[in-house]
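Have a look at the structure below before the remarks.
The values are calculated or read from the model by the stated rules, or taken from the named source; none is laboratory data. Note that the coordinates shown come from a computational prediction; the quantities given were computed from them, not determined experimentally. Here the Cβ positions follow ideal geometry from the backbone for every residue, glycine too, while neighbour counts run over all protein chains shown.
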C-alpha cells in the first residue's frame, strides 16, 4: 500500500534576502514601538526651565513603568513620530479613533520631588488642539500631589504648611550691585551665571550667589523677588481672562494657597473656588459649566459643589524665573502624565567649542 498521500512535503521554499530584510525591519519597528510605548523613551531638554538641574542639550531616558504605562489614546500613528511627521510636517497620527484614558499598574504614584514628563495641558483648548497623548511633552518637577495644599511665599514653596525641599541646583534671578567695576567674564563662566549682560537680571544658583558675594567689587547679591500682593495678570487662574478673578493678587514668587484636586474630592463652588477649579471641571473633565445669575449649573443642573474624577498634580521648573509651569496654567491632570525621568545618557552643548561640546561629566548621571 502506498502511504505517500499522508506524508507532508518537508521541502520549504527558502526566504529571499529581500524578504528576510523586510521581516527584520518590521520586527524591529514593532519591538521598538512597544518598548517606547510601554517601557522607556528618549527625551531631549529643549529649554532652560529646569536649569541647573537639567541643561539644554541633555538627552534623557524616561520610564513609562514607574507610574504605569499609559495605554495609547490615539493608537493609529506613525512609528517614532510624536505628533508631526518629520520633513513634511503633517500629522503623524489619525484622530478618527480615540480611546479613553487607561493606565497599566506601576511601581509607584507620582511623588513630590520627582522630575516628570507630561503632555502640555494648555493645548486642550488652544488653536493647535491635539489629542492628550499627542500634545507637546513638557518636563518639570512635581511640587504637589493630589490633596496637597500648596503655596509659594517669597519664592519658597510650601506644601501642607511645611517648606518643601529645594533642588540643590535650582536657580533664580538676582539683583547684583557692584562698585562700578565689571565682573570678570571668566568668573561668571566658572559660576555658571547666565544673562548677566544687557537689561536682564543674572540667573544663578544659591551657591553661585554666595560665591559671587565674596568678590571685592560686588556690593550685594539679592534674589529678585516679586513682592506679595503684586498682581501678575499672566498667572493662574488667568486674571486677564476673568475680570472677577482679580481678587487673586498672585505672582510667580507669592502664590496661593490652593488645594490640588484629588479623585473623589468634593469642592464647594463659590466665588473663591470656581475660578481655580473651573478649568479642571470643564476642559479636563469635560463638563459644561454655566453661571446664571448667582446660580452655578453643571451639565444643566444647578449645584454648589463638584466631585473630581481624576487626580491632579502641581509642576514647577527648577529655574523659577524662566519656567512656564503650574503657576501660569494650573493643575496637570493624571491622564497627561507620561513618565518619570531616570538618567541622562548623553549631554551636548551647542554653544561650546567643537571639542568641548560633549559634557562628559553628565553622561549616565541620575536625575534627582
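Here is a list of conditions, (1) in contact with a strand residue (DSSP E or B) (Cβ under 6 Å, 6 or more places away or on another chain); (2) outside any loop (DSSP other than H, G, I, E, B), and residue 68 meets all of them except one; can you say which number that is?
Tallying (1) in contact with a strand residue (DSSP E or B) (Cβ under 6 Å, 6 or more places away or on another chain); (2) outside any loop (DSSP other than H, G, I, E, B), residue 68 fails exactly one: (2).
Checking residue 95 against (1) in contact with a strand residue (DSSP E or B) (Cβ under 8 Å, 6 or more places away or on another chain); (2) at negative phi: exactly one of these is not met. Which one?
It is condition (1) that residue 95 fails.
Kindly indicate whether any position in segment 268-280 is in contact (Cβ under 8 Å) with a residue 40 or more places away in the chain and closer than 30 Å to residue 224 by Cα. Show your work before the answer.
The initial filter retains those residues of segment 268-280 that are in contact (Cβ under 8 Å) with a residue 40 or more places away in the chain, namely 276, 278-280.
After this cut, where a residue has to be closer than 30 Å to residue 224 by Cα as well, the list is 276.
Checked segment 268-280: at least one residue is in contact (Cβ under 8 Å) with a residue 40 or more places away in the chain and closer than 30 Å to residue 224 by Cα.
Looking at (1) assigned to a loop (DSSP other than H, G, I, E, B); (2) crowded, with 16+ Cβ neighbours inside 10 Å; (3) without any contact (Cβ under 8 Å) to a residue 24 or more places away in the chain, which is the only condition residue 123 fails?
Going through the list (1) assigned to a loop (DSSP other than H, G, I, E, B); (2) crowded, with 16+ Cβ neighbours inside 10 Å; (3) without any contact (Cβ under 8 Å) to a residue 24 or more places away in the chain, residue 123 breaks only (1).
Within the set of pairs 6+ apart or on separate chains, which have a first residue in segment 193-219 that is over 15 Å from residue 181 (Cβ atoms), a second that is at pLDDT below 85 and in a loop (DSSP other than H, G, I, E, B), and C-beta atoms under 6 Å apart?
Sorted first by the residue in segment 193-219, then by its partner, the pairs are 202/195; 202/196; 203/195.
Confirm whether residue 110 is more than 23 Å from residue 235 (Cβ to Cβ), in a strand (DSSP E or B) and touching a strand residue (DSSP E or B) at 6+ places or on another chain (Cβ under 6 Å).
Taking the combined requirement at face value, the residue does not satisfy it.
Are any of the residues in segment 190-209 within 30 Å of residue 247 (Cα to Cα) and part of a strand (DSSP E or B)?
Checked segment 190-209: no residue is within 30 Å of residue 247 (Cα to Cα) and part of a strand (DSSP E or B).
Among the residues that make up segment 350-363, is at least one of them part of a strand (DSSP E or B) and not assigned by TED's automatic domain parsing to the domain that holds residue 140? Let's see the steps before the verdict.
Within segment 350-363, the first condition is being part of a strand (DSSP E or B), and the residues that meet it are 358.
Okay, now just the ones that are also not assigned by TED's automatic domain parsing to the domain that holds residue 140, so none.
Among the residues of segment 350-363, not one is part of a strand (DSSP E or B) and not assigned by TED's automatic domain parsing to the domain that holds residue 140, which makes the answer no.
Residue 107: under 27 Å from residue 363 (Cα atoms), surrounded by fewer than 18 Cβ atoms within 10 Å (Cβ to Cβ) and modelled with pLDDT under 90, yes or no? Even if it seems obvious, please write down each step before you answer.
Details: under 27 Å from residue 363 (Cα atoms): yes; surrounded by fewer than 18 Cβ atoms within 10 Å (Cβ to Cβ): yes; modelled with pLDDT under 90: no.
When the stated conditions are applied, residue 107 does not pass them.
Quick test for you: out of 87, 99, pick the one residue that is out of contact with any helix residue (DSSP H, G or I) (no Cβ under 7 Å at 6 or more places or on another chain), surrounded by fewer than 20 Cβ atoms within 10 Å (Cβ to Cβ), free of Cβ contacts under 8 Å to residues at least 12 places away in the same chain and part of a loop (DSSP other than H, G, I, E, B).
On inspection, the qualifying residue turns out to be 87.
Pick out the one residue from 75, 46 that is outside any helix (DSSP H, G or I), without any contact (Cβ under 8 Å) to a residue 40 or more places away in the chain, within 15 Å of the chain's Cα centre (by Cα) and not assigned by TED's automatic domain parsing to the domain that holds residue 194.
Just one listed residue meets the conditions, 46.
Among the residues of segment 10-36, what is the count of those that are touching a residue at least 12 places away in the same chain (Cβ under 8 Å) and either surrounded by 18 or more Cβ atoms within 10 Å (Cβ to Cβ) or outside any helix (DSSP H, G or I) (or both)?
Qualifying residue count for the region: 0.
Filter segment 52-63 down to the residues that are surrounded by fewer than 23 Cβ atoms within 10 Å (Cβ to Cβ), in a loop (DSSP other than H, G, I, E, B) and on the phi < 0 side of the Ramachandran plot and list them by number.
If the condition is that a residue be surrounded by fewer than 23 Cβ atoms within 10 Å (Cβ to Cβ), in a loop (DSSP other than H, G, I, E, B) and on the phi < 0 side of the Ramachandran plot, then 52, 53, 55, 56 are the ones that fit.
The rows are residues; the columns are (1) surrounded by 19 or more Cβ atoms within 10 Å (Cβ to Cβ); (2) assigned to a loop (DSSP other than H, G, I, E, B); (3) out of contact with any strand residue (DSSP E or B) (no Cβ under 8 Å at 6 or more places or on another chain).
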| residue | (1), (2), (3) |
| --- | --- |
| 118 | yes, no, no |
| 128 | no, yes, yes |
| 140 | yes, no, no |
| 152 | yes, no, no |
| 176 | yes, no, no |
| 183 | no, yes, no |
